[in-house]
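Engineer: Got a structure here, written out as structure tokens. Questions coming.
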Protein chains: 2
Amino acid sequence: MRVSFEELHETLRRALLKVGFEQGRADLCARLFAETDRDGVYTHGLNRFPRFLEQIERGVVDVNASPVCVEAHGALERWDGRSGPGNLNARQSMERALELSRRQGVGCVALRNTNHWMRGGSYGWQAADAGALAFCWTNTLPNLPPWGSARPLLGNNPLVIAAPRPAGHVVLDMAVSQFSYGALAAYRSRGERLPVVGGFDAEGRLTQDPAAVEESGRPLPIGFWKGSGLALLLDMAAALLAGGLATHQIPPDPLEETRLSQVFLAFDLNSLEGTETAAHVADDIVASLEGVRYPGERTLQIRLENMEQGIPVNPEVWEQVKQTRER
Amino acid sequence: MRVSFEELHETLRRALLKVGFEQGRADLCARLFAETDRDGVYTHGLNRFPRFLEQIERGVVDVNASPVCVEAHGALERWDGRSGPGNLNARQSMERALELSRRQGVGCVALRNTNHWMRGGSYGWQAADAGALAFCWTNTLPNLPPWGSARPLLGNNPLVIAAPRPAGHVVLDMAVSQFSYGALAAYRSRGERLPVVGGFDAEGRLTQDPAAVEESGRPLPIGFWKGSGLALLLDMAAALLAGGLATHQIPPDPLEETRLSQVFLAFDLNSLEGTETAAHVADDIVASLEGVRYPGERTLQIRLENMEQGIPVNPEVWEQVKQTRER
């Protein structure tokens, strides 16, 4: 089943109004969810929306809360997300980082007490649309065993790096685990093996069997010990810069995952000399890949397809969201 | 064979004086090499020194050149490394990023036209010693095939992330390839298989045979497609920020590898509130690993051992460096 972008946006917007969002915020929050499906990241759009509503119901997400600046040091600011909706908080934080970068060349917003930002790539596209180079990352609940342990002591801490390119931005949006639990479930339900090793089985052997990894709770960090170190440092950097919680302090129940720490870092390429050639630099680098797909390329293809043909939605989730009741 | 830190430092210093370094620069450059061996990174200390001398001989490295600031935008500066010694250029760039961060909360130096920085971790330790959180990365010559290609179109672009911690800094220093060529050679010469898949063999099958990967020239990026994207974005970010060359423009001959682009990013944790607790945050996070080794932990152990027992040196390379002739 496919629906138009407008219909998806409108349906989500109406649901958000019912649970207490004010107009402008409902519109933007719904748009961020709808754009996620439009771009083919189906795990973090409509399909994630019921869990988002449940977190509102539980009081984990406060629909009316906005971030406030708690410390400002030139190009670096600390904000408190006050448990507001994660995508609105993240969007506003990247906007502020962009603003700081226009004044100082580089701008950084470190955000604490925020919620799941849904699709991290959104904030990379946002920055690249503004002509900026950007990095952002978040910590998460503990869901990834470090190399050398069978217990999920680290988060899979998604990292986003975005570079603007008029012919199509280059946007990397990756968790530090080789496969998310969502991806493992998708392979399992299709009856497929993983294309590469994805974790350990219950006996501690590396395996390409998605169900075995789900069962053991031992997915692999990318690059084995390397991704394990990367996840740790991203968490430390987020917690230290934001003055917020680290992964080990975040409740392991996905419905209770909250008070995350995030970092938004923007570089104003427009202030640099030879910016008229930045587009050429980006084009040249993409061309040097000799046709190998770059991060963001497929996103753009899916976006065009979905805008033309409508956006695929799961009929059950679609019905459920349509019937969202007034709080 | 082991020598004291002082003897190693002095021998390298004397060699550098012979090839035209002035006093202060010889001392610092030699110290950075010696500290690399002291910390157990034997691939990038003394053993790398003869290649460094050869690059000086060829005119790839200009012993007398220092970086100059070419653009300043608040907290972001572009510097030109003018083909100076890579470790001196990198050290000075991180120093400048730290200085900027003390004024602006965050500071970034993007450096072009520089040479191999030798051990990237050095600049992470430097920042952490100053109480800062830091990121730095470099592009390299093309030595890594992107996921989906058999040709080395990407660099393995080492990334360093460092967080200060009084009981021992946490310093991640990782190339984006699963194993460096140096590591592959080491496994091969010990007659060992790789602990995990490290690349493709000549028939395009994933393999744990180090010699097969050396032969095919197809080492793996960490996390397969994920590290491939990460390497690309680190290169784009470095080239765009520094206004310098990208990997595909750097000569593939290791002796001619030059005009690299690098980024040094420092965050002044001391300016943030609750800094007295930053040490506790870092300690808490390390403790949450339940004894799993953190990046930098082993470095510190080896450092103590080597300072006590002397630093292992390869006798042939040691003799060769001792006999460095006046230019």
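Engineer: I need the phi-derived Karplus couplings for the range B:20-32: 6.51 cos²θ - 1.76 cosθ + 1.60, θ = phi - 60°, integer Hz, Gly and Pro marked x.
Structural biologist: Those phi angles translate into x, 5, 7, 2, x, 6, 4, 4, 5, 4, 5, 4, 4 Hz.
Engineer: Can you run phi through the Karplus equation (6.51, -1.76, 1.60; θ = phi - 60°) for the range B:40-51 and list ³J(HN,Hα) in whole Hz, with x for Gly and Pro?
Structural biologist: Running phi through 6.51 cos²θ - 1.76 cosθ + 1.60 with θ = phi - 60° gives x, 8, 5, 5, 10, x, 3, 5, 8, 4, x, 5 Hz.
Engineer: DSSP beta bridges in the range B:1-140, what fraction antiparallel, as a percent rounded to 5?
Structural biologist: For the range B:1-140, the DSSP antiparallel bridge percentage is about 50.
Engineer: Here's a follow-up. Would you tell me the accessible area of A:Met118, worked out with a 1.4 angstrom probe on the heavy atoms of the protein chains, in Å² to the nearest 10?
Structural biologist: 10 Å²
Engineer: Under 27 Å between alpha carbons, and skipping anything fewer than 8 positions from A:Lys18 in its own chain: which lysines qualify?
Structural biologist: Filter leaves A:Lys322.
Engineer: Still on this structure: Which three extents, in whole angstrom, do the alpha-carbon atoms of chain B cover along their principal axes, largest first?
Structural biologist: That works out to 56, 48, 43 Å along the principal axes.
Engineer: Across peptide A:73-86, what mean number of C-beta atoms from other chains lies inside 10 Å of a residue's C-beta? Show your work: numbers first, answer last.
Structural biologist: Numbers: counts 11, 12, 12, 10, 2, 4, 0, 0, 0, 0, 0, 0, 0, 0.
Counting other chains' Cβ atoms within 10 Å and averaging over A:73-86 gives 4.
Engineer: At a Förster distance of 22 Å, what's the computed FRET efficiency of B:Glu297 paired with A:Ser149, Cβ-Cβ distance as r, to 0.05?
Structural biologist: Values: r = 14 Å, r/R0 = 0.65.
Approximately 0.95, to the nearest 0.05.
Engineer: Still on this structure: Can you list residues from other chains, or at least 5 along the same chain, whose modelled amide H is less than 5 Å from the amide H of A:Asp39?
Structural biologist: Distant-sequence amide H within range of A:Asp39: zero hits.
Engineer: Let me ask something else about it. With springs only between Cα atoms under 10 Å apart, run a GNM on chain A and tell me which of A:Val281, A:Val60, A:Val292 wobbles the most.
Structural biologist: Most flexible of the set in this elastic network: A:Val292.
Engineer: If you don't mind, another one. Just to be sure I understand the interface: list residues from the range B:286-316 that lose 10 Å² or more of accessible area between the chain on its own and the complete protein assembly, 1.4 Å probe.
Structural biologist: Relative to the lone chain, where solvent access is computed with a 1.4 Å probe, the range B:286-316 loses at least 10 Å² at B:Ser288, B:Leu289, B:Glu290, B:Val292, B:Pro295.
Engineer: At the nearest 100 Å², what buried accessible area, both sides summed, do you get for B and A when the probe is 1.4 Å? Intermediate results must be reported in sequence, preceding the final value.
Structural biologist: Values: alone 15050 and 15040 Å², together 24090 Å².
By this definition, chains B and A bury close to 6000 Å².
Engineer: At 1.4 Å probe size, what's the solvent-accessible area of B:Arg193? Round to the nearest 10 Å².
Structural biologist: Its accessible surface works out to 150 Å², give or take rounding.
Engineer: Can you list the residues, at least 5 places off or on another chain, whose amide H is less than 5 Å from the amide H of A:Leu154, using H built in the peptide plane?
Structural biologist: A:Asn143, A:Leu144
Engineer: How long are the semi-axes of the ellipsoid equivalent to the range A:43-96, from square roots of 5 times the Cα gyration tensor eigenvalues, in whole Å, largest first?
Structural biologist: Equivalent ellipsoid of the range A:43-96: 25, 13, 6 Å, largest first.
Engineer: Also, quick follow-up: Using Cα pairs closer than 8 Å and at least 6 residues apart in sequence, work out the relative contact order for the range A:179-220, in percent.
Structural biologist: 39 percent.
Engineer: Related question: Rounded to the nearest 20 debye, what is the charge dipole size of chain A about its Cα centre when +1 sits on each Lys and Arg Cβ and -1 on each Asp and Glu Cβ?
Structural biologist: Values: 33 positive and 40 negative charges, 111 e Å.
Dipole size: approximately 540 debye.
Engineer: Which cross-chain or sequence-distant (5 or more) residues have an amide H under 5 Å from the amide H of B:Met118, H modelled 1.01 Å from N in plane?
Structural biologist: Here the answer is none, since no amide H 5 or more places off falls under 5 Å of that of B:Met118.
Engineer: Then there is this: First measure r as the distance between the Cβ atoms of B:Gln23 and A:Arg58, then evaluate 1/(1 + (r/R0)^6) with R0 = 41 Å and state the FRET efficiency to the nearest 0.05.
Structural biologist: Efficiency, rounded to the nearest 0.05: 0.05.
Engineer: Can you give the FRET efficiency to the nearest 0.05 for B:Val68 and A:Arg103, using r as the Cβ-Cβ distance and R₀ = 22 Å?
Structural biologist: Once rounded, the FRET efficiency stands at 0.35.
Engineer: Okay, next question. Over the range B:1-134, what portion of Cα pair distances is larger than 21 Å, expressed as a whole percent?
Structural biologist: Cα-Cα pairs of the range B:1-134 separated by over 21 Å account for 42 percent.
Engineer: Answer with one residue from B:Gly84, B:Gly24, B:Met94: the one whose Cα lies farthest towards the positive end of the charge dipole of chain B, charges on Cβ with Lys, Arg +1 and Asp, Glu -1.
Structural biologist: Ranked along the dipole, the leading option is B:Gly84.
Engineer: Going highest first, how would you order B:16-22, B:87-93 by mean Cβ packing within 10 Å?
Structural biologist: Working: B:16-22: 17.3, B:87-93: 24.7.
For the peptides B:16-22, B:87-93, the packing ranking is B:87-93, B:16-22.
Engineer: For Cα pairs less than 8 Å apart in space and 6+ apart in sequence, what is the mean separation divided by the residue count of the range B:56-98, i.e. the relative contact order in percent?
Structural biologist: 34 percent
Engineer: Same structure again: Once each part is reduced to its C-alpha centroid, what is the distance from the range B:251-275 to the range A:223-285 in angstrom?
Structural biologist: Here the two parts' Cα centres lie 16 Å apart.
Engineer: Remind me, relative contact order of chain A in percent, using alpha carbon pairs under 8 angstrom and six or more residues apart?
Structural biologist: Taking the mean separation of contacting Cα pairs over the length of chain A, I get 24 percent.
Engineer: What net charge is computed for the residues neighbouring B:Glu57, neighbours being all others with C-beta under 11 Å from the C-beta of B:Glu57, Lys and Arg scored +1, Asp and Glu -1?
Structural biologist: +3
Engineer: What average count of beta carbons from other chains do you get within 10 Å of the Cβ of residues in A:131-141? Provide the component values of the computation, followed by the final result.
Structural biologist: Working: counts 0, 0, 5, 1, 4, 0, 0, 0, 0, 0, 0.
If you average over the peptide's residues, the count of other-chain Cβ atoms is 1.
Engineer: Among residues other than A:Tyr42 whose Cβ falls under 15 Å from its Cβ, what is the net charge (Lys/Arg +1, Asp/Glu -1)?
Structural biologist: So the environment of A:Tyr42 carries a net charge of +2.
Engineer: Another question, then. With labels modelled as points extended 7 Å from the Cα through the Cβ direction, what inter-label distance (nm, one decimal) is found for B:Met307 paired with A:Arg14?
Structural biologist: Simple spin-label model gives 6.9 nm for this pair.
Engineer: Could you look at the range A:179-220 and say what percent of its accessible area is carbon and sulfur, using a 1.4 Å probe and all protein chains?
Structural biologist: Summing carbon and sulfur atoms, their accessible area is 46 percent of the total for the range A:179-220.
Engineer: Using a cut-off of 13 Å between beta-carbons, work out the net charge of the residues near A:Ala239 (Lys and Arg +1, Asp and Glu -1, A:Ala239 not included).
Structural biologist: Counting the neighbours of A:Ala239, the net charge comes to +1.
Engineer: Could you pull the Cα extents of the protein assembly as shown along its three principal axes, largest to smallest, in whole Å?
Structural biologist: 83, 51, 46
Engineer: Still on this structure, please answer the following. Tell me the Kirkwood radius of the range A:179-220: reciprocal of the mean inverse pair distance over distinct alpha-carbon atoms, in Å.
Structural biologist: Hydrodynamic radius (Kirkwood, Cα only) of the range A:179-220 equals 9.5 Å.
Engineer: Let me ask you something else. Using a 10 Å cut-off around each Cβ of peptide B:195-207, what is the average number of partner chain Cβ atoms that fall inside?
Structural biologist: Averaged over the peptide's residues, the number is 1.
Engineer: Turning to a different aspect of this structure: Mean residue ellipticity at 222 nm from the helices of chain B, using -39,500 (n - 2.57) per DSSP H segment of n ≥ 4 over the full residue count, to the nearest 500 deg cm²/dmol?
Structural biologist: Dividing the helical sum by the residues of chain B leaves -12500 deg cm²/dmol.
The values are calculated or read from the model by the stated rules, or taken from the named source; none is laboratory data. These numbers were taken from a predicted model, which means no experiment stands behind them. For neighbour counting, all protein chains shown are included, and Cβ atoms are generated from backbone atoms with ideal geometry for every residue, glycine included. Just the protein is used for accessible areas: all its heavy atoms, side chains included, with ligands, DNA and RNA removed. Shrake-Rupley method; radii C 1.70, N 1.55, O 1.52, S 1.80 Å.
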